[in-house]
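Engineer: This is the structure, below, for whatever I ask next.
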Amino acid sequence: MYPTLVPATLLALATHAFFKTFEPASLRLSIAVLAFLPALLVLTSAVPPMTLTSFTTTYGTYYTALALSIAVYRLSHVHPLSNYPGPVPSSTGKLHLYIRDLHDQYGPIVRIGPNELSIIDTTLLPGILGTDSMPKGPMWDGRQAAGNKGTTPSVKGGLIGARDKQRHAELRRVWNRAFTTSAVKQYEPIVLRRASQLVGELKKRCEAATMHDGRAQVDMAQWLGFFSFDFMGDFVFSETFGLLDAGEDKDGLIGGTESSLYMPSVVQQVPWTVNAARLLRLQVNKLGELALRLVTKRLKEGSMHYDLFYHINDEAKLEQERTPLPVVVTNTSTAIVAGSDTTATTLSNIIYFLLLHPVCFSRLRVEIDEAFSPGTKEPTDTTVLAQMPYLNAVINEGLRLYPPVPTMLQRAPSEGSGGHLLGPGLFIPEGTAVTVPPYAMHRSPRYFSPDPDKFMPERWLADSATNVDMVTDRSAFIPFSTGSAGCVGKPLALVEMRVVLALLVQTFDMRFATGYDAKRWPEDIHDVFVMRKGALPVKLSCRALEA
Ligand code: HEM
């Protein structure tokens, strides 16, 4: 037997035990341990000569033993998650579908990784996402790979990636102030301005098309993207990104932001690779550069506008400490990503469903027309819109079927806590993450039936509560997540979506473009933490109003 075989095996077992216990986040330390320990063994071993064979044999033994040790441990009954069922790892670009299939197959609690459970049991939600529950999980360390220009990865200032509960609560204070009911009321003129601009631009295209076959063809998903990015530019910085004006993503702002979402969606699965990703400088983010430029400009101008920047930069000086520049940059670009893509995706999904179900489109138009007489009154009174049952049912149903954050609401016990008791017999040990996947939850027949995969706004109406054959469990409806780290922008997103939908449905007749196969829409959807969508080609004409 080769003299280093046993020591190399023992060394591999010790390495596994070390990594399992301490989970080093430093890439340098990990590389150093894995690369140099076997060499050290050969160099310090008295017996074998220092030949190429002794090195290759020792390295081979060490890595094989390490891999086997990890595999055996993860599949063994000693592993703390061994009681939970789960699949053999699989790779699929459609994480939302995959996780949903797993829940269909294995039930509400599934082990989806060596140290991760996916849970869709409503009774456990308060313990996972609720106000006094666990902090954000390790995937957020991985998502830091998206680090923007002008931000410093080591600055623990970004709200969305803040894993320490107390720190998160401190950072969230300025955001909570920015989204109170009265603050959101003050942003309404921005919503109305940008929504009217969207309608105006689309009208122009319709009018130009009357010269030809009378209908304009537009990519509705793209136009809703222009709206939501321009709106966020206005809302965050009181600046315009000029997308609606140009009618194109001329500077690649949307394209760049969307492609920058891929890499973090991979790295988040293996957070310790984040430093390698950074070393390779994989992040290309035009939005970060833009945010840095706009923040710098605003700081020079002084406090002039009431917008999100006003709050994030604490211009009312309500906090004891000044917010450092990198934190302001991180938070403003976070707001633009978090608020634009999600809203554009939801609006696009809803238009898709309304075109697929013309009866729902007509019913919605009737409700809007009854409240706002077409041709005389624009549907822009947000108080009235908030109380329209069918409009809100349509929005809920769109969010239910395609929640823009489909799978990764992740939490984990805080460091040093030892673990978190989720329920009787359900202890989550430290080092384990729990993920709640809204897509799988929203399509579970246990919570939404009949036909959980069908677009049925009726399930949200008051009659459904008295219908014994219908289940609509609102506690399972979590498109905005819930608890202290749930979506802070929810009230504003709802205002935006109600106004835009009401205006579009009242102003335009729409149908899918000729030759568009509606099956493409779900096929084009990809889960990259948020949802990537394809084009939505729509034939559009201005609605003819009776005189
Ligand atoms: C349809 C629209 C939207 C949906 C479905 C949505 C959904 C979500 C979800 C699921 C989360 C993750 C919460 C978690 O991990 O538990 C989140 C977080 C967040 N969202 Fe939204 N969002 C939307 C619009 C907006 C808007 C308009 C803004 C405005 C800036 C915004 C800002 C944020 C921020 C800052 C966070 C991080 C909150 C925290 O960590 O405390 N979102 N959102």
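The values are calculated or read from the model by the stated rules, or taken from the named source; none is laboratory data. Treat the numbers as computed from the prediction; the structure is a model and nothing was measured. Don't worry about glycine lacking a Cβ; one is built from the backbone with ideal geometry, like all the others, and counts go over all protein chains shown. These accessible areas exclude ligands, DNA and RNA; they are computed on the full protein's heavy atoms, side chains included. Shrake-Rupley method; radii C 1.70, N 1.55, O 1.52, S 1.80 Å.
Engineer: Just one of E370, E315, E319 is modelled with pLDDT of 95 or more, away from the ligand (no atom under 16 Å from the Cβ) and out of contact with any strand residue (DSSP E or B) (no Cβ under 8 Å at 6 or more places or on another chain); which is it?
Structural biologist: E370
Engineer: Within the range 173-221, restricting attention to residues that are under 21 Å from L536 (Cβ atoms) and of a type in the set (D, E), which residue is surrounded by the most Cβ atoms within 10 Å (Cβ to Cβ)?
Structural biologist: Per the stated criteria, the residue is E201.
Engineer: Follow-up. Pick from the range 159-192 the residues that are of a type in the set (S, T, N, Q) and closer than 30 Å to L503 by Cβ: which of them is farthest from the ligand (Cβ to nearest atom)?
Structural biologist: S182
Engineer: State which residue is farthest from Q197 (Cα to Cα) when the search covers only the range 366-380 and only residues that are in a loop (DSSP other than H, G, I, E, B) and open to solvent by 50 Å² or more (accessible area, probe 1.4 Å).
Structural biologist: S373
Engineer: Name the one entry in S228, S238 that is assigned by TED's automatic domain parsing to the domain that holds I350, surrounded by 18 or more Cβ atoms within 10 Å (Cβ to Cβ) and closer than 13 Å to S340 by Cα.
Structural biologist: The conditions single out S228.
Engineer: Among the numbered criteria (1) at pLDDT below 70; (2) part of a helix (DSSP H, G or I); (3) in contact with a Ser or Thr (Cβ under 7 Å, 6 or more places away or on another chain), which single criterion is violated by P24?
Structural biologist: (2) is the only condition that P24 fails.
Engineer: Every residue in the range 314-340 that is in contact with a Ser or Thr (Cβ under 8 Å, 6 or more places away or on another chain) and either among the basic types (K, R) or open to solvent by 10 Å² or more (accessible area, probe 1.4 Å) (or both), please.
Structural biologist: Scanning the range 314-340 gives E315, P326, T330, V337, G339.
Engineer: If you check T151, T180, which single one turns out to be modelled with pLDDT of 90 or more, closer than 20 Å to A338 by Cβ and hydroxyl-bearing (S, T, Y)?
Structural biologist: Of the residues listed, the single one that is modelled with pLDDT of 90 or more, closer than 20 Å to A338 by Cβ and hydroxyl-bearing (S, T, Y) is T180.
Engineer: Exactly one of (1) more than 10 Å from the ligand (Cβ to nearest atom); (2) in contact with a Leu (Cβ under 8 Å, 6 or more places away or on another chain) is unmet by G339. Its number?
Structural biologist: Exception for G339: condition (1).
Engineer: Scan the range 478-493 and give yes if some residue there is closer than 24 Å to T343 by Cβ, hydroxyl-bearing (S, T, Y) and more than 24 Å from the chain's Cα centre (by Cα), otherwise no.
Structural biologist: no
Engineer: Within the range 479-533, restricting attention to residues that are open to solvent by less than 30 Å² (accessible area, probe 1.4 Å), of a type in the set (V, I, T) and within 16 Å of the ligand (Cβ to nearest atom), which residue is nearest to G214 (Cα to Cα)?
Structural biologist: V500
Engineer: Does L355 satisfy the criteria of being closer than 17 Å to V499 by Cβ, away from the ligand (no atom under 16 Å from the Cβ) and open to solvent by less than 30 Å² (accessible area, probe 1.4 Å)?
Structural biologist: For L355, the condition - closer than 17 Å to V499 by Cβ, away from the ligand (no atom under 16 Å from the Cβ) and open to solvent by less than 30 Å² (accessible area, probe 1.4 Å) - is not met.
Engineer: Quick check on my filter: what residues within the range 381-424 are open to solvent by less than 10 Å² (accessible area, probe 1.4 Å), farther than 16 Å from V436 by Cα and within 15 Å of the ligand (Cβ to nearest atom)?
Structural biologist: L391, V394, I395, E397, G398
Engineer: Among the residues of the range 444-476, write down those that are assigned to a loop (DSSP other than H, G, I, E, B), out of contact with any helix residue (DSSP H, G or I) (no Cβ under 6 Å at 6 or more places or on another chain) and surrounded by 19 or more Cβ atoms within 10 Å (Cβ to Cβ).
Structural biologist: Correct list: S444, M456.
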